Amino acid sequence: MTAPLPIVYLARHGETAWSLSGQHTGLTNLPLTPAGELNASRLRERLAGIEFAKVFTSPLQRATRTCELAGFGCRAELDPDLLEWNYGDYEGLRSAEILAGRPDWLLFRDGCPGGESPSDVARRADRVVGRVRSIPGDVLIFSSGHFLRMLGARWLGLTPMGGRYLLLSTASVSALSYEHNLTKPAIRLWNDTRHVVE
């Protein structure tokens with residue numbers, strides 16, 4: 001009997017004021033809203049019974065608080081590679097505001113002036129992929145939407161543009177794993193929000 005293939009679970013942070021308003025939230029260190037706290041706490045039940053060899057979180061408070069409320073704060077390791085995309089000049093702007101001045105803009109193709117390019121974020125994601133693939137057993141990661149979308153794309157071996165197709169809701173759970181063996185990375189689950197209270 002072969003051992004089960006490892007799974008990397010991805011938890012996006014709970015709602016913040018800017019995720020609710022649609023503003024790009026890179027390194028601005030916002031707290032969770034009350035609804036964000038509620039749904040972060042519901043991750044505890046959603047993830048109950050899964051044994052994790054390691055737990056990692058972005059250092060930003062929206063991720064660390066989500067991690068704490070989900071019941072993993074005491075064992076999580078901070079990983080700066082899990083920080084959200086640095087949006088530079090686009091920090092705090094809504095997509096409509098960016099597109100008004102740059103109608104053909106795509107984050108996963110163009111990046112952000114004064115911030116990170118897609119290749120910058122992909123390099124961070126690649127480092128995370130390399131680290132978690134070396135860990136025997138399941139892993140849990142708490143981070144932000146655009147970074148986790150890039151991580152999903154890079155797990156599959158896609159170009160950075162691949163992240164644009166992997167939408168994520170706040171407080172969602174996703175799972176990266178393999179099909180048949182460790183040479184065939186796959187998505188096992190994506191953007192599961194059945195535990196989220198609307």
query = Taking every eigenvalue of the Cα gyration tensor of the chain, multiplying by 5 and rooting it, what semi-axes result, largest first, whole Å?
reply = 26, 21, 14
message = At 1.4 Å probe radius, can you tell me the per residue accessible area of the stretch 82-144 in Å²?
response = 43
note = Expressed as a whole-number percentage, the relative contact order of the chain with C-alpha contacts under 8 angstrom and at least six residues apart is 30
task = Using DSSP, restrict attention to beta bridges with both residues in the chain and report what percent are antiparallel, rounded to the nearest 5.
result = 50
Helix-only mean residue ellipticity at 222 nm for the chain, each DSSP H run of n ≥ 4 adding -39500 (n - 2.57), per residue, nearest 500 = -9500 deg cm²/dmol
ask   = Roughly speaking, to the nearest percent, how much of the chain's 1.4 Å accessible area is carbon and sulfur?
value = 54
message = Suppose each label sits 7 Å from its Cα in the direction of the beta carbon; what would the Ala96-Ile135 distance come out to in nanometres?
response = 4.0
key: Highest average packing first - 12-24, 137-149, Cβ atoms within 10 Å   = 137-149, 12-24
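The values are calculated or read from the model by the stated rules, or taken from the named source; none is laboratory data. Every value quoted in this text rests on a predicted model; they were computed, and no experiment measured them. Positions of Cβ are generated from backbone atoms using ideal geometry, with glycine treated the same way; all protein chains shown enter the neighbour counts. We work out accessible area using only protein heavy atoms, side chains counted, and drop any ligands, DNA or RNA first. Shrake-Rupley method; radii C 1.70, N 1.55, O 1.52, S 1.80 Å.
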